[in-house]
Amino acid sequence: MLTAAAHLGACAGGDPGVGSTNPFESQGNSNSMSGTTQPGSDTDSTPTVGGSMTDSDTSTPTGPGPGSDSDPTGSDPTGGPTTAGTTTLPDPDCVDDDGDLHGEGCNAGPDCDDTSFNSWQSCGTCVDQDGDGFWVGCDQYGPDEPGPDCDDANPDASDGSDCECAVTPDAKASDTCAEGMAGALGVIAEGGVVPPIKGSITGIDNGPGNGQEDWYWVEFPEAMAMGNRPNAGKIAATFAVNPGDPTSPDYRFEVYTACNKPAFEGLAATYGPGTPPAREWEFFDAHSPPNPNPNPNPNYLNNVPWPAKVFIRVIRVANDQSCSEYTLQVSRLPT
């Protein structure tokens with residue numbers, strides 16, 4: 001009797017950067033899903049600095065009014081008007097070439113770059129990477145170097161009005177997993193392909209059910225195969241478009257057999273809770289050569305239920321607050 005077996009794996013889309021400490025880049029072993037990159041997020045501090053200089057009022061005497069016991073004019077004892085007060089800088093020993101009130105000998109503190117009004121502590125993060133004249137990651141912003149840039153990877157997007165991203169519509173994808181939710185991709189027979197799925201998520205993944213995610217679901221009935229298991233076709237999901245750094249692009253996804261189960265449970269050889277999000281995922285039976293095999297593939301699993309329905313959770317893992325768009329491709333290839 002032929003024993004059904006399944007080959008489960010995920011194809012990496014590029015090696016993670018050397019020296020990264022990103023938890024999404026964990027590879028597990030040779031059969032793991034491809035890793036992801038969770039970039040660090042810069043926090044722009046905006047200290048309130050500076051002081052105000054106030055002149056005293058100047059008034060012209062009109063003489064005491066009838067019955068007055070005092071002089072309300074503020075005049076000096078000789079009867080002449082008071083003169084405007086004078087002030088000096090609150091920090092006369094401060095060497096401050098850029099006017100941000102920070103520098104050598106300044107009460108507000110030192111300046112890491114006394115030629116830039118935008119920076120006194122943020123010299124390593126205050127940048128204009130897309131060259132559009134708008135800066136990001138600075139201590140403050142001035143008229144000569146405005147900011148913050150709402151998308152420093154896009155020279156056509158600078159202020160907030162340029163970055164009103166068109167996120168995935170609610171009718172197209174759900175932001176939580178539930179039976180009968182939006183995001184239905186249809187019933188796919190062997191040889192079928194889901195039309196390209198385009199979407200955009202602006203924020204970095206903040207955990208399942210917290211809104212920064214697109215959920216889809218699709219059915220692959222076992223009976224709609226051209227043959228019986230172990231020849232029921234191969235399910236594949238991948239990003240046809242995944243913007244950002246090619247070695248660490250913006251988007252990843254997870255696959256679930258039910259909303260209340262861990263990602264990839266029953267869908268990979270050694271993975272369950274904690275499985276890293278993937279860029280590519282496949283499920284297919286071990287149909288050639290049949291087991292037993294003198295040199296069995298370690299990725300083979302026996303008696304794995306056919307995934308008749310799966311839920312796909314797409315998340316952003318890089319370039320927070322960017323408008324970049326993904327294209328997800330889901331298919332059931334013939335075997």
- Criterion (closer than 27 Å to P334 by Cα, touching a helix residue (DSSP H, G or I) at 6+ places or on another chain (Cβ under 6 Å) and at pLDDT 90 or above) met by exactly one of A236, A189, A184: A189
- How many residues of segment 196-233 are under 30 Å from C150 (Cα atoms) and in contact (Cβ under 8 Å) with a residue 24 or more places away in the chain? The answer is 18
- Considering only segment 101-142, state which residues are within 21 Å of N154 (Cα to Cα) and acidic (D, E). D128, D130, D132
- Within segment 203-218, considering residues that are crowded, with 19+ Cβ neighbours inside 10 Å and under 14 Å from the mean Cα position of the chain (by Cα), the one nearest to M181 (Cα to Cα): D214
- Answer from A258, A240, A223 - the residue that is within 14 Å of V310 (Cβ to Cβ) and surrounded by fewer than 19 Cβ atoms within 10 Å (Cβ to Cβ): A258
- Message: Condition (residue is at pLDDT 90 or above and closer than 30 Å to D320 by Cα) applied to segment 282-297: is it met by at least one residue?
- Response: no
- Cross-chain or 6+ apart pairs with Cβ under 9 Å, segment 153-172 first and modelled with pLDDT of 80 or more, then assigned to a helix (DSSP H, G or I): N154/D162; N154/C163
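The values are calculated or read from the model by the stated rules, or taken from the named source; none is laboratory data. The structure displayed is predicted, hence computed values, not measured ones. Because the Cβ atoms are built from the backbone with ideal geometry, glycine has one as well, and the counts that use them run over all protein chains shown.
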